[in-house]
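First the structure, in the form of structure tokens, and then the observations on it.
No lab work stands behind these numbers, since they all come straight from the coordinates. Worth saying up front: this structure is predicted, and the values here are computed from it rather than measured. Note that each Cβ is placed from the backbone with ideal geometry, even for glycine, and that neighbours are counted across all protein chains shown.
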Amino acid sequence: MGQREPTIIGWWRPGTSGRLSTDLNGALQTLDRPFFVVQTDTGPQVATGGAAHLGPTTFPDGCALLAHAPAHTPDALGARSFQSTYGVRANYVAGAMANGIGSAELVIAMARAGMLGFFGAAGLSTPRIRTAIDQIQHAVGDLPYGFNLIHSPAEPLQEQETVDLYLERGVHIVSTSAYLGLTPMVVQYRARGMHRDPNGEIVVPNKLLAKISRPEVAEKFLRPPPQKMLSALVEAGRITTAEANLAAQVPMADDLTAEADSGGHTDNRPLPVLLPLIRALRDRIAPGVRVGAAGGLGTPDAVAAAFALGAAYVVTGTVNQACVEAGTSSMVKALLADAGMADVGMAPASDMFEAGVDVQVLKRGTLFAMRGQQLYALYRDHDSLDDIAPALLKKIETQTFRCSVDEVWQACTTFFAERDPSQLERAARDPRHKMALVFRWYLGLSSRWAIGGEAARKMDCQIWCGPCIGSFNDWTAGTFLAAPENRSVVVVAANLMAGAAAIARAHALRQGGVDAGPSALRWTPRPLRQHGTEPLASREPHVQP
């Protein structure tokens with residue numbers, strides 16, 4: 001092991017309990033055991049037991065003391081208040097992945113491990129979300145869990161139905177995504193149930209983690225909702241006057257998740273730029289709101305870096321989609337297991353197609369990104385389906401849709417007649433909107449083909465994915481986590497957090513002048529209960545009889 005001119009800070013005496021070892025790397029990665037680094041005739045060594053004395057006094061029966069490494073377990077990473085607010089044991093969140101990819105099984109596994117997971121409700125029908133609530137609430141009892149609420153500018157009725165369902169069923173932790181501003185629905189969720197406790201403190205039952213990637217959006221969640229919106233909700237009977245008065249005094253969010261370069265909806269921002277910027281904005285407006293980090297967190301090094309930047313908690317997504325509990329097909333998981341950092345690209349988003357919003361997807365093994373971009377270019381450059389050259393439209397029908405435009409429109413008519421008839425009314429007036437719905441048919445089904453593992457549609461599969469899948473696969477290569485069938489969401493989480501703790505410990509020791517070498521900055525994935533890999537004891541839910 002190397003060193004950089006370590007400073008002698010005291011003296012260590014072995015006494016009867018002291019032990020010396022040359023395995024500094026092993027000591028660093030045994031997270032729950034403190035140790036000393038001392039100078040011996042053969043060089044620096046690890047000392048355990050004995051007694052340390054700080055200061056210049058020397059002892060003939062001891063060794064010069066170079067550093068002390070206290071225990072540093074994963075639960076020490078991030079903000080303690082996050083753990084107390086949500087009742088978790090580590091500041092690690094499995095983020096919501098749309099269309100139920102963030103599955104009930106994933107949420108349940110996270111809850112039982114003492115961490116927070118979010119069900120991916122975006123893109124699902126209200127009955128499907130209700131079923132997931134029933135399943136999760138029955139399985140986890142009083143353990144923490146969360147659900148996603150996505151901004152649906154094209155389907156405001158679905159956003160309202162989702163909020164109404166969460167309020168009805170007592171879903172008290174929500175992660176918001178894709179919001180460009182506040183909507184009455186998310187304000188209603190936040191305000192409902194606010195009251196004062198016997199000490200006069202405002203109690204906010206509905207917790208909100210707002211996923212953002214822009215300061216102007218973050219500011220809206222750092223401030224209370226606008227009075228005009230609160231008044232309108234009172235007038236509509238969706239909240240009470242008392243709830244509106246209290247909501248006007250607290251920030252919209254308990255936590256902001258600064259989302260950097262991630263899968264799905266993303267602005268592709270670099271985390272070292274975004275996170276400090278959002279934290280500084282938070283400090284000016286609402287110091288009590290925590291700021292977490294998401295995007296690009298696929299290795300222990302990345303997680304350690306996020307916490308070093310001041311993240312209160314970390315959120316993962318892409319790596320969880322590659323796990324056994326994810327609600328997607330084995331075909332998708334196999335494609336993800338072979339992906340590299342550069343095997344991703346941008347494609348139009350189904351839910352915000354007309355606004356030109358993109359999502360980041362896997363491009364290796366599928367043509368979805370290219371075909372989706374072609375559809376958006378046609379929408380951008382034409383006023384209706386009739387304006388597209390017949391030969392080009394025929395090619396789209398044959399290669400992309402694999403059916404006629406008329407058949408696609410019939411499917412759209414059936415779908416929106418039940419889900420949102422106003423879309424059909426608008427399409428009847430606006431041929432360009434009809435074209436958008438036809439193209440969105442392909443974009444919407446492409447993710448479902450992936451989730452269902454439809455081999456015949458493999459080249460059309462939309463798989464939301466960030467570049468961190470490449471670093472994750474590189475980190476797990478040659479280990480048991482290289483195989484998709486071994487990638488349990490809890491095992492991945494435990495290794496990421498334990499590895500981050502070990503790396504942070506090594507950096508702290510190096511800052512003290514003791515360098516354990518490059519191997520100390522690498523954490524090899526290992527099964528649970530080995531060298532502190534499992535930061536949290538398994539928790540059994542308390543279910544009311």
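If each DSSP helix of 4+ residues adds -39,500 (n - 2.57) and the sum is divided by the residues in the chain, what number results at 222 nm, nearest 500 deg cm²/dmol?
Mean residue ellipticity, 222 nm, calculated: -12000 deg cm²/dmol.
Can you compute the charge dipole magnitude of region 76-328 about its Cα centre, using +1 on each Lys and Arg Cβ and -1 on each Asp and Glu Cβ, nothing else charged? Give it in debye, rounded to the nearest 20.
Roughly 420 debye, rounded to the nearest 20.
Suppose R0 equals 30 Å; then what is the FRET efficiency for Ala455 and Asn486 from their Cβ-Cβ distance, rounded to the nearest 0.05?
For R0 = 30 Å, the calculated efficiency reads 0.80.
Would you work out which of Thr266, Ala253, Ala302 lies farthest towards the positive end of the dipole of region 251-303, given +1 charges on the beta-carbon of Lys and Arg and -1 on that of Asp and Glu, about the Cα centre?
Ala253
Can you tell me, using C-alpha contacts under 8 Å and at least 6 residues apart, the relative contact order of region 262-382 as a whole percent?
Computed value for region 262-382: 23 percent relative contact order.
Treat each spin label as a single point 7 Å out from the Cα along the C-beta direction, and report the Arg380 to Arg448 distance in nm.
2.8 nm
Once both labels are modelled 7 Å past Cα along the beta-carbon direction, what's the Gln399-Thr48 spacing in nm?
6.3 nm
Sorted from largest to smallest, which semi-axis lengths in Å does the alpha carbon gyration tensor of region 339-405 give for its equivalent ellipsoid, taking the root of 5 times each eigenvalue?
Here the semi-axes work out to 24, 15, 8 Å.
Tally Lys/Arg at +1 and Asp/Glu at -1 over every other residue whose Cβ is under 12 Å from the Cβ of Ala71; what's the total?
Surrounding charge for Ala71 is 0.
If I take R0 = 41 Å and measure r between the Cβ atoms of Thr40 and Thr524 in this structure, what FRET efficiency does the formula 1/(1 + (r/R0)^6) give, to the nearest 0.05?
The value I calculate is 0.90.
Which of the DSSP-defined H helices in the chain satisfy a minimum axial length of 30 Å, computed from C-alpha atoms, and a minimum mean Kyte-Doolittle hydropathy of -0.5?
In the chain, the long hydrophobic H runs are 431-452, 489-511.
If one computes the Cα centroid of region 36-52 and of region 168-244, what distance in Å separates the two points?
Between the Cα centres of region 36-52 and region 168-244 lies a distance of 55 Å.
Around Gly264, what is the net charge, scoring Lys/Arg as +1 and Asp/Glu as -1 over all other residues with Cβ under 13 Å from its Cβ?
Residues near Gly264 contribute -4 overall.
Quick check on packing: order 70-77, 242-249 by the mean number of other C-beta atoms within 10 Å, highest mean leading.
Averaged packing, sorted descending, gives the order 70-77, 242-249.
Using r as the Cβ-Cβ distance of Ala477 and Glu216, and R0 as 41 Å, what FRET efficiency do you calculate, to the nearest 0.05?
According to the calculation, E is roughly 0.50.
Find how many whole Å separate the alpha carbon centroid of region 345-409 from the alpha carbon centroid of region 495-514.
Centre-to-centre (Cα) distance: 47 Å.
Under the rule of at least 5 residues apart or a separate chain, name every residue whose amide H is placed under 5 Å from the amide H of Leu367.
Asp460, Cys461
Give me log10 I(q)/I(0) at q = 0.13 Å⁻¹ for the chain, Debye formula, one equal scatterer per alpha-carbon, no solvent.
Debye curve over Cα of the chain, log10 I(q)/I(0) at q = 0.13 Å⁻¹: -1.28.
Could you give the length gained on full extension between Thr240 and Lys228, defined as 0.36 nm per residue of separation minus the Cα-Cα distance, in nm?
2.9 nm
Distance in nm between label sites at His195 and Ala391, each 7 Å beyond Cα in the beta-carbon direction?
7.1 nm
Can you give the % of DSSP beta bridges in the chain that are antiparallel, to the nearest 5?
Of all bridge pairs located within the chain, approximately 55 percent are antiparallel.
If packing is taken as the mean number of other Cβ atoms within 10 Å per residue, what is the order of 189-200, 501-512, 257-268, highest first?
By packing density, highest mean first, the sequence is 257-268, 501-512, 189-200.
Using the charge dipole of the chain (Lys, Arg: +1 at Cβ; Asp, Glu: -1 at Cβ; taken about the Cα centre), state which of Trp12, Ala232, Val217 has its Cα farthest towards the positive end.
Of Trp12, Ala232, Val217, it is Trp12.
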